[in-house]
Structures are given as C-alpha cells and as structure tokens.
Amino acid sequence: MSLILNNERLVYEPMVTRPQVTWPEGRTVAVWHAPNVEHYDFVPPGGASPQGRVAAPDVQHYMHRAAGNRTGFWRMLRAVDAYDIPSTVSLSLAVLEEMPEIRDAMLARDWEVMSHGISNLRPIYDLPEEEEREFFAVSQRLARTYYGGRSIRGLLGPKISGTDNTCDLMVEHGMTYHADWIHDEQPRPLRTRSGARLISMPYSYMLNDVPLLHAKHYSGEYFVAMVKSQIDRLLRDADRDGQARVACVATHPFVMGQPGMQKHLEAIFAYLRSDDRIWVTRAGDIADHYLDHHYERQLASALAASEALT
Amino acid sequence: MTIIQNPPEAVVFAPGLPLAYDGHRDPWALPDGKKLAVSLLLHAPSYQDDVPRGAIKPLMMQGGVGRETSEPRHGQVARLSQWDFGLTVGIWRLLAIAKDAGTPVAVALDQEGVGRMPRLASEVAARADEIVVRGRAANMIIGAGMSRDEERQYIRDARDAVMAATGRSVAGWFGPERGQTSDTPLLLREEGFAWFGEWPLDERPVELSDGASGIVALSHPLEAEDMFSLYTRGLSFLDYERLLNDSIDQLLADAEVVGARHLGLSWFGWVLGQASFAAVAERVLARLVHHPDVLFATPGQVAALPR
C-alpha cells in the first residue's frame, strides 16, 4: 500500500458545512486535562545535549524534570483530587515500569494512559518501519503488563515526533486517536493505509504550560486567561452553531507543578467546574463517543464534496 | 557631489518605489472628509508538509510546538496542523465576526489550498467581498534564485488557480511570508494586478513608478498583523488589542496633521481565528465600524481611491 503524505492524512471540510457533532447529556465543550508525565534520560541515546546548553549529562535539565515527578506531580494531584478532574496522562511509558508510585497513583484515579513514547529524549523521527512497529508493540506490552491490563488508545509522539508510517502503525496496534494533529476543534478522521479508523484528538500548544510559560515568557495568570478566553468562546460558538467542540489543557509537572503555579492550576480547574456545559473527561471517552456517533457521517460528508484525495 | 561610494553589488533602494515623506508630500484625502481608511485582509494559507523539489521555502516561520521557527523535522505535524486550523475553523470564525460587525472583508487564498480543498474556495467565495491571491502555498514562496520567467509562471499559476476555484476576478496579491524579488511588483503589474499587500511601508496607498508604474503598494503594517504581534513578538492578546486601539487613536489624530491615513489589518485564520484570541477581532471591528471618521472598505477599494 502506498505511502500517505501528511497533508493527505487530513480529510477537509470546513466547520461551517459539517454534520453536527454533539456530546453526551447536552454538553457542548469537551475538555480533557493532559498532564505530561515524562522521563528524560540522564544521558540520552547518542549523548546529544538535551537543550543545546551544555553537553549531556545536563543536570539542570534532568533535575528540573525529575523534580516534576518527585514533588510537582504530587502537588498537582492534590488539585486534581480537589476538583475531581479526570485526566489523560501523556506518559513516557518508562514511568509504568520504573516509577510504580506514580503509576499506581494514576491507576487509582482511573487516569487514561496516552502514549508519549518510551522516554522523552527518544524521538521516533526517521525510525525504520519495523523498528517503529516494535516501538508500538513494546508500548502496548508496557501498558497491558503494568496498567491493569489496559491497552493504549492514543499517542502524542515523544517530543512530538513521528514518521510517515506512524498513523498506519498506530491502527495496526489497536489505537484510535492521535494527538499530534491540532488542526481542529473537533476530532477529525485521519486517512490510514488500511482504511482502519483513526481520528485526530485536539491537543493544544495554546493551553499548554511548556510553550506558554516555559518556552515563552507568559505568566500563570495569562495561562488562566487563555483557558477562560478559549473555552468561553467555544461555549459561545457551540451555542450558536450547534457544533460541540473540544479543548485540551496540557500541563507538565516540572512547570505547572512548581509551587508558584498551584494557585493558577486550581483557578483553571475551578473554572472547568463552573459551567455545566463543559464535559470534563478523558481523550479516550471523547474518541469513543465521536467514533460511535459522528465519525461515519462526518467522513461521508467530507468525501461527498468530491474533494477527497485519492 | 556624493561622498558615499556604494558597493557595486548593492541595490540601495527598492526599484520603482518613489521616495516620499510625510510633511513633504500632498496630504491624502478620503471621501466625505473621513480620516482613516481601514481594510481587513484575512489570510487562508495552506501549509505543505512535503514541498516539491526546487520550490523555495522560507528559512523561518511561525507556528508549531513552541518558540521554534526553523523548519520542523519531517514527521512533526505541529506546524502543518496549526496552520491548517485556519482552514478548518479559524477563517470561518473570523468571517462570521466580520459579518456580525458588518465590515467588508477580503480573503487571501493560495494555489495549493484551493486545489486540494475545493470547498475552501467555494465557501470563501460565498462569503468574501474580495478575493486576493496568496501565491502557491504558505511555505512555497517567491524569492531569490527564481528566474523572472519562473516567477511570472508562479504568479500566473496561483492567479489562475484561485480565479478558477472561486469563480471570482482578482486584483490583489499578498505573497506568502511577504516573499518577493526585485521584479515582483513589475511582474504583478504585467499580470494584471492592481495592488499588492506585502510591504509594511506607509500609512497611505503608494503608487509605484518606472516599469511597475500604476500598481499600488497597499501597506499591511507588521504591528497590526496578528502573526507578527502574537507570535513573532509574543505579545499577549490583551496587549495586542491595546496596541491596535492605540494605533487607531494615533492614526485618527495624525490625519489632522499629515492627511488621511490607511490601516491595513492583516489577520490569519490560524492566529486570530483561534478561540483564545477571536474576541480581539470582535471588539476591534465593532469599534471601527461605528466610528464616524473611519471609512471601512476592502483593500482593493482602498487601493482604487484617488491618490
């Protein structure tokens, strides 16, 4: 089967002409909280410098991220518990085997595990197809072994990496959603070589502490303002056009788990719990609902416009 | 007498651009004594993850995971999908906001976008007051290394594709990444364009001279552009809104001193069309449309005003 280029994965239809998407119980905006719980190798394969700052081991980088798992994660967990926020962990799967305390805390709260690769300094760029197939096989084996026998349904590529085969190999390993695609406010079909169903799950680099606070210079207050501004708009637009939408709040323990950030995380969670139109849920639940109720009609509508790429 | 000896390989001034300065030229005047002409150009560019061999790509672009502006490694779809957001959602949100405000709007489309997504072209054509040509793709640009014939063909192909897909005539051009060569204005004029928008040059339309005589450079200031202010500069959306409002206040005041002004708003579906930012568009347009001293028109209409 021939290669599908990235632009051709996308099934285009403007929001304004699509069949309606709805969420359970009349909710109009689904929000998934995606804490990125990551592991970074002390000396990554190849020995490359993690940030180009100093040669590996970069202890400033390593320890900053390790602090996220030692203290930040647990602080964030207290806010998650206080507001009862279902979460979809974007997980360096090494955590399942090597950090049982964190694994068990997530499982106890029924968090969904979304793969974020094995380790976050091991991107999968240029991986030959067979090696990438093995990557997915190992990923599922880790989850089934260490996470209550559950399989992984979604992926956010490690360091947001992928190949031209990633979507096809995901469906081969039973996955249904891919969060690397941020092209929409609804899940959308992604073309695969086998024709098996795969959808995009709107992740966010907007409502995301790393781009916003760590890479750029914004404040915790601004993160909260961005969350409110985005979701307020989505609620308003959904009321107006009847199209239910998705938002994602992406966090990292080494950023949002820092002590000075906790009040902002709590402000975000309080906001999410302030409006009954918001469906605070997990990515897999959104994916299941979309696949069961909307995928076929949305795909058919897009293809009917005779604009499908063949 | 000249003291400066310019290096022979230097091109010291932009070809065909008359040197002119506020206070040293006749003031521009608008119909009915208006002080500020405002136009709104919405960009609907398509980003191509796989670019054909030989196409010229920008060296840096906005969009993607974080602050990186270099080309993403193949396999990272963050920039592709962030730009594509403008086509699936963002442009429609901005078009709805402009319609609610009652402001005329132009939309810039590119060749790859209309070719791959016919419904993008048809739905934009149904909503936009003016269609503008935006080259081949967001990341397939005009630039150094292109021969004049290659550049002419690039312009023709894009123009023909956009006209065919939308069923509309076009008079305006806005090259992706504001990419040009020294020949671009001349070639655009020869290919029938009346105006182009890439130059953040002036606060009134500028007619070119020499070979490009007759074509109008209609400025779109970087500071008023969402991509530049929110991404390149990294302003907060609240600071961006303040900047726009302060600029409007100042331009209205300056019109009394140096003649009527033009503000070319340049907004991207993938930037201001994001739910977090869209309220800025809504509030700024609402303010402008009710202002008694503001003439709101399409960029093509502004370019066609008496100079």
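The values are calculated or read from the model by the stated rules, or taken from the named source; none is laboratory data. In this text the structure is predicted, and so the values were computed from the model without any measurement. When we count neighbours, we look across all protein chains shown, and the Cβ atoms used for this are built from the backbone with ideal geometry, even at glycine. Calculation scope for accessible area: heavy atoms of the full protein, side chains included, ligands and nucleic acids excluded. Shrake-Rupley method; radii C 1.70, N 1.55, O 1.52, S 1.80 Å.
Some points to look at:
- Selection over the range A:174-210 of residues that are more than 15 Å from B:TRP83 (Cα to Cα) and either assigned to a loop (DSSP other than H, G, I, E, B) or within 7 Å of another protein chain (Cβ to nearest Cβ) (or both) gives a count of 17.
- Identity of the residue in the range A:15-30, over 23 Å from the mean Cα position of the chain (by Cα) and at the interface with another protein chain (Cβ under 10 Å from one of its Cβ atoms), that ends up most open to solvent (accessible area, probe 1.4 Å): A:VAL16
- Residue that is most open to solvent (accessible area, probe 1.4 Å) [pool: residues in the range A:177-204 that are among the hydroxyl-bearing types (Ser, Thr, Tyr) and either without any contact (Cβ under 8 Å) to a residue 40 or more places away in the chain or under 18 Å from A:GLU8 (Cα atoms) (or both)]: A:SER194
Rundown of residues vs (1) among the small types (Gly, Ala, Ser); (2) free of Cβ contacts under 8 Å to residues at least 60 places away in the same chain; (3) open to solvent by 50 Å² or more (accessible area, probe 1.4 Å); (4) not in a helix (DSSP H, G or I), yes/no style:
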| site | (1), (2), (3), (4) |
| --- | --- |
| B:GLU9 | no, yes, yes, yes |
| B:PRO18 | no, no, yes, yes |
| B:ALA37 | yes, no, no, yes |
| B:LEU40 | no, no, no, yes |
| B:GLN48 | no, no, no, yes |
| B:LYS57 | no, no, yes, yes |
| B:GLY63 | yes, no, no, yes |
| B:GLN76 | no, yes, no, yes |
| B:LEU80 | no, yes, no, no |
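- Scan of the range A:273-299 for residues that are among the aliphatic types (A, V, I, L, M) and open to solvent by 10 Å² or more (accessible area, probe 1.4 Å), ordered by number: A:VAL280, A:LEU291, A:LEU299
- Taken over the range B:32-72, the criterion of being among the acidic types (Asp, Glu), within 14 Å of another protein chain (Cβ to nearest Cβ) and touching a Leu at 6+ places or on another chain (Cβ under 9 Å) is satisfied by B:ASP49, B:ASP50, B:GLU71.
- Being in contact (Cβ under 8 Å) with a residue 12 or more places away in the chain, farther than 23 Å from B:GLY300 by Cα and crowded, with 24+ Cβ neighbours inside 10 Å is true of B:MET140.
- A:GLY260 vs. criteria more than 12 Å from chain B (Cβ to nearest Cβ), surrounded by fewer than 22 Cβ atoms within 10 Å (Cβ to Cβ) and on the phi > 0 side of the Ramachandran plot: no
- Residue in the range A:232-240 that is of a type in the set (Lys, Arg) and more than 8 Å from chain B (Cβ to nearest Cβ) present: yes
- Check on B:GLU256, farther than 25 Å from B:LYS99 by Cβ and either modelled with pLDDT of 95 or more or open to solvent by less than 30 Å² (accessible area, probe 1.4 Å) (or both): yes
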